[in-house]
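This report refers to the structure that appears directly beneath it.
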Amino acid sequence: MYNFEFVKPSSVDEAVAALKDEDAQPLSGGQTLIPTLKQRLNQPSRLVSLLGIADLVGLSESGGEMTIKGATNHATVAAEAASSFPGLAALAGKIGDPAVRNRGTIGGSIANNDPSACYPAAAMACQATIVTNTREIAADDFFEGMFATALDEGEIVTAVRFPVPEASNYQKFEQPASRFPLTGVFVAKYADRVGVGVTGASNDGVFRWKEAEEALASNFSPDAISGLTVPADDMISDLHGSAEYRAHLVKVLTGRGVAAC
Amino acid sequence: MKVTMTVNGKSMSGEAEGRTLLSSFLREELGLTGTHVGCDTSQCGACTVHVDGRQVKACTMFAAEAEGTDVTTIEGMANADGSLNTIQQAFQDYHGLQCGFCTPGMVMAASSLLEQNPKPSETEIREHLHGNICRCTGYHNIVKAIMAASGQDVPAVAAE
Ligand SMILES: Cc1cc2nc3c(=O)[nH]c(=O)nc-3n(C[C@H](O)[C@H](O)[C@H](O)COP(=O)(O)OP(=O)(O)OC[C@H]3O[C@@H](n4cnc5c(N)ncnc54)[C@H](O)[C@@H]3O)c2cc1C
Ligand code: FES
Ligand code: FES
């Protein structure tokens, strides 16, 4: 790994200032960034740790919305959202393994937008709002394809705000070697709509399966989607599964998610 | 830079660069080589230690991030008189190790599980060990050891 300067500010303002340096980069749990640095795929001059910023940690709920601060780790979400938003808590509790969950954060996961990451599926299904140090971005506009987001250089995810659904469920079809989902589907049921967020399937990254959302809005049962087909054209195809297999999984997992809600 | 942390109850300091991993710091700077590095890619869990009471992979955390924290490694697990603690003894009794390379990480992961969940089921044990890979034992005896360490019935465990 190339060397870099390590800084650990205690406020968002200090972090933003430290990130002004051209090759500076934020560091949260490091569960994605450290392996990347080891492979020398990345060469920051300075890493700005966000984990020392007390303001960036914790969950709160008000007016039917749950706000999770950017540097909150997966284990904390799994424990603290368990009663008020069990679908999301279960998602967080299945990410990687216990050690990964004690370090990895929601902000890091959302900012990284790995095509197989779990949180983006929930953010899309729930039409969450991504809050940064400068603005608020709707999930639909935030995720721009594999590893690409609407974030500008030096912009930090400070929180993610989820409208809490009446019921929700995350179906993770695990790829046992990486422990990421091979494909994952988050189903969220609201009084007036249904959200279906899909990860690990498309070459364009996380997406909403809108046809299923519409069908489920009028009939929330696995039968409602039995006649639909997911096109395999844009699906990821690799040694773990073909495009057709992933397309099939999207439908099966959506059905299971609805049944489990 | 100088980094200071409490390791197994004692305050310890050493030199670290920004890129120095906690695993390298413990092994090379502090001489605590019980923390093993199996993969260095966050997959195997051999490097598992506790930071402020929570299990982490020491190869996937910078030493600088552990500044001021309380770290426990496998060297801090034995009883005060030097005898093996309950989990370690159970690993010996139930042949939970062969080459022993994964064992420090397994013991650290197991103790973290038993702190949160003193009577885990077999499934819970296996789930908790998702991030700890053993290439020797086939896991059954590790699961048995953890069952035994938690005071539960062992013969009921694991289809073999
Ligand atoms: C063995 C293993 C298994 C895993 N399994 C899963 C899984 O099943 N599902 C899953 O979803 N993930 C999984 N992960 C990834 C894990 O969830 C990561 O923690 C997460 O993707 C990145 O979060 P982090 O806090 O570690 O970010 P870091 O690694 O610190 O950062 C990742 C990237 O985001 C940037 N960044 C970090 N924080 C912010 C911020 N607040 N604002 C803007 N940019 C930021 C960094 O500069 C970097 O580019 C796994 C990881 C490992 C090692
Ligand atoms: S050496 Fe850290 S996970 Fe393998
Ligand atoms: S005992 Fe050899 S790797 Fe586990």
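Computed from the coordinates by the stated procedures, all read-outs in this text should not be read as laboratory data. The structure displayed is predicted, hence computed values, not measured ones. Every residue, glycine as well, gets a Cβ built from its backbone with ideal geometry; the counts of neighbours run over all protein chains shown.
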Of the residues A:V185, A:T149, A:A138, the Cα lying farthest along the dipole of the stretch A:133-218 towards its positive end, which is defined by charges on the beta carbon of Lys, Arg, Asp and Glu, belongs to A:V185
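Let me know the charge dipole size of the protein assembly as shown about its Cα centre in debye, to the nearest 20, where only the beta-carbon of Lys, Arg (+1) and Asp, Glu (-1) is charged.
Details: 30 positive and 49 negative charges, 163 e Å.
That gives the protein assembly as shown a dipole magnitude of about 780 debye.
Can you tell me the FRET efficiency between B:C99 and A:Q39 if r is taken as the Cβ-Cβ distance and R0 is 30 Å, rounded to the nearest 0.05? Present the calculation step by step, with values, prior to reporting the outcome.
Numbers: r = 27 Å, r/R0 = 0.91.
Taking R0 as 30 Å, the efficiency between B:C99 and A:Q39 is 0.65.
Go through A:K8/A:K94; A:K69/A:K172; A:K38/A:K189; A:K94/A:K251; A:K38/A:K210; B:K2/B:K144 and tell me which ones have a Cα-Cα distance over 31 Å in this structure. Could you put the intermediate results ahead of the total?
Values: A:K8/A:K94 29 Å; A:K69/A:K172 24 Å; A:K38/A:K189 41 Å; A:K94/A:K251 21 Å; A:K38/A:K210 39 Å; B:K2/B:K144 42 Å.
From A:K8/A:K94; A:K69/A:K172; A:K38/A:K189; A:K94/A:K251; A:K38/A:K210; B:K2/B:K144, over 31 Å: A:K38/A:K189; A:K38/A:K210; B:K2/B:K144.
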Counting only the backbone N, which residues of the stretch A:112-130 are under 12 Å from the spot 7 Å out from the Cα of A:R193 toward its beta-carbon? A:124-129
16 Å reach of a label modelled at A:E214, 7 Å along Cα-to-Cβ, counting backbone N of the stretch A:98-140: none
What aspartates and glutamates could a cross-link reach from B:K57, if we take a straight Cα to Cα line under 13 Å and drop same-chain neighbours fewer than 8 places away? A:D97, B:D40, B:E65
For B:E127 and A:R256, what does the FRET efficiency come to when R0 = 22 Å and r is the distance between their Cβ atoms, rounded to the nearest 0.05? 0.70
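Excluding A:E14 itself, calculate the net charge of residues whose Cβ lies under 12 Å from the Cβ of A:E14, where each Lys or Arg counts +1 and each Asp or Glu counts -1.
Working: positive: A:K8, A:K20; negative: A:D13, A:D55.
After counting each charged neighbour, the total is 0.
In terms of the Cα gyration tensor, with a ≥ b ≥ c the square roots of its eigenvalues, is the stretch B:86-149 rounded because a/c is under 1.5, prolate because a/b exceeds b/c, or oblate?
Details: a/c = 1.55, a/b = 1.31, b/c = 1.18.
Note, shape of the stretch B:86-149 comes out prolate.
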State whether the stretch A:155-247 is rounded, prolate or oblate according to the following rule on the C-alpha gyration tensor (a ≥ b ≥ c being the square roots of its eigenvalues): a/c under 1.5 gives rounded; otherwise a/b larger than b/c gives prolate, and the remaining case gives oblate. oblate
Counting partner chain Cβ atoms within 10 Å of every residue's Cβ in B:57-69, what's the average? 5
In the stretch A:5-49, if the dipole is taken from +1 on Lys/Arg beta carbons and -1 on Asp/Glu beta carbons about the Cα centre, which of A:P9, A:L19, A:Q43 is farthest to the positive end? A:Q43
So for each of A:120-132, A:169-181 I average, over its residues, the number of other beta carbons within 10 Å; can you give me the resulting order with the highest mean first? A:120-132, A:169-181
Can you find, among A:F207, A:S109, A:C261, the residue farthest towards the positive end of the dipole of the protein assembly as shown? Put +1 on the C-beta of Lys and Arg, -1 on that of Asp and Glu. A:C261
If packing is taken as the average count of other Cβ atoms within 10 Å, what order do B:55-66, A:17-28, B:70-81 fall into, highest mean first? B:55-66, A:17-28, B:70-81
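For chain B, what is the calculated [θ] at 222 nm in deg cm²/dmol (nearest 500), taking -39500 (n - 2.57) for each run of four or more DSSP H residues and dividing by its residue count?
Calculated mean residue ellipticity at 222 nm is -7000 deg cm²/dmol.
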Residue separation between A:E153 and A:N3 times 0.36 nm, minus their alpha-carbon distance, gives in nm 51.9 nm
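Rounded, prolate or oblate: which fits the protein assembly as shown when a ≥ b ≥ c are the square roots of the eigenvalues of the alpha-carbon gyration tensor, with rounded for a/c under 1.5 and prolate only if a/b beats b/c?
Details: a/c = 1.94, a/b = 1.28, b/c = 1.51.
Oblate, because a/c is 1.5 or more while a/b does not exceed b/c.
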Would you tell me the mean number of C-beta atoms belonging to other protein chains that fall within 10 Å of each C-beta in A:91-98, as a whole number? 4
Cβ under 15 Å from A:P86's Cβ, A:P86 left aside: what net charge do those residues give with Lys, Arg +1 and Asp, Glu -1? 0
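Hey, got the average number of other protein chain Cβ atoms within 10 angstrom for residues in A:47-53?
Values: counts 5, 0, 3, 0, 1, 3, 0.
That works out to 2 on average.
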